[in-house]
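Written below as structure tokens is the structure these notes are about.
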Amino acid sequence: MILVDSTVWIDLLRNSESVPVSRLRKLLDAGEATVAPVIVQELLQGATDAAGFAKLHRYFTAIPMSGAENSLELHVAAGRLYARARWQGVAPRSPHDCLIAATAVDKRIPLLHDDRDFEHLALVEPKLKLIPRR
């Protein structure tokens with residue numbers, strides 16, 4: 001399984017063409033893509049109306065979920081990662097990214113993304129395995 005960040009899902013939904021979207025399409029064909037609750041939240045937040053929200057909800061809750069079972073531990077790990085990043089002079093733009101990174105580390109699965117913040121977090125947390133963006 002590969003954890004897929006919202007940046008790649010959004011590009012897929014917009015029919016954008018990029019290397020991460022191409023990789024996501026292959027993962028979907030192979031049944032290898034997974035999401036985390038925080039990623040679903042980010043995607044649902046982008047709904048433009050109630051019908052769009054319902055459609056996104058149906059789609060993303062049908063995808064295998066990672067990280068839903070140990071929420072408190074993941075939040076603690078995300079808080080620790082955010083703090084460690086700040087201590088090393090890295091300022092994550094989103095605490096959600098730290099939660100997504102902590103989920104990937106906890107599940108020992110790579111992260112497919114298109115967000116430079118994960119590159120910085122991987123320098124702080126070497127256990128974070130990233131799928132190259134390019």
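No lab work stands behind these numbers, since they all come straight from the coordinates. This one's a predicted model, so the numbers in the text were calculated from it and none came from an experiment. Glycine also receives a Cβ, built like all others from the backbone with ideal geometry; neighbour counts cover every protein chain displayed.
So if I place +1 on the C-beta of Lys and Arg and -1 on the C-beta of Asp and Glu, and nothing else carries charge, what would the dipole magnitude of the chain be about its Cα centre? I want it in debye, nearest 20.
So the dipole magnitude of the chain works out to roughly 240 debye.
Provide the gained length on full extension for the span residue 119 to residue 75, in nm with one decimal, where the gain is 0.36 nm per separating residue minus the Cα-Cα distance. Walk me through the intermediate numbers first.
On the way: separation 44, 0.36 × 44 = 15.84 nm, distance 2.00 nm.
Net length gain for the segment: 13.8 nm.
With each pseudo-label sitting 7 Å past Cα toward Cβ, what's the residue 10-residue 54 distance in nm, one decimal?
With each label placed 7 Å out from Cα toward Cβ, I get 2.6 nm.
Kindly provide the GluC sites (Glu not before Pro) of region 14-47 that DSSP labels as loop, not H, G, I, E or B, and whose Cβ sees at most 11 other Cβ atoms within 10 Å.
Filter output for region 14-47: 17.
Do the sum for the chain: with -39,500 (n - 2.57) for every DSSP H run of n ≥ 4, divided by all residues, what is the mean residue ellipticity at 222 nm, to the nearest 500 deg cm²/dmol? Could you put the intermediate results ahead of the total?
Working: 7 runs with 80 residues, N = 134.
Computed ellipticity for the chain at 222 nm equals -18500 deg cm²/dmol.
Could you check the simple spin-label distance between residue 28 and residue 68, using points 7 Å along Cα→Cβ, in nm with one decimal?
About 2.0 nm separates the two model spin labels.
Of (1) 13.5, 40; (2) 16.0, 54; (3) 14.3, 43, which one was derived for Rg and Dmax of the Cα atoms in Å from the structure shown?
Correct label is (3).
Out of region 77-111, which trypsin sites (Lys or Arg not before Pro) are coil in DSSP terms and have no more than 13 other C-beta atoms within 10 Å? Present the calculation step by step, with values, prior to reporting the outcome.
Values: sites: 80, 84, 86, 93, 107, 108; in loops: 93, 108.
When the trypsin sites (Lys or Arg not before Pro) of region 77-111 are filtered for loop state and at most 13 Cβ neighbours within 10 Å, 93, 108 remain.
In region 13-72, which trypsin sites (Lys or Arg not before Pro) fall in coil by DSSP and have 11 or fewer other Cβ atoms within 10 Å? If you can, show how the numbers build up before the last one.
Working: sites: 14, 23, 25, 26, 55, 58; in loops: 14.
Those satisfying the criteria are 14.
Which of 125, 69 has the fewest other C-beta atoms within 10 Å, and how do the rest follow up to the most?
Least to most surrounded, the residues fall as 69, 125.
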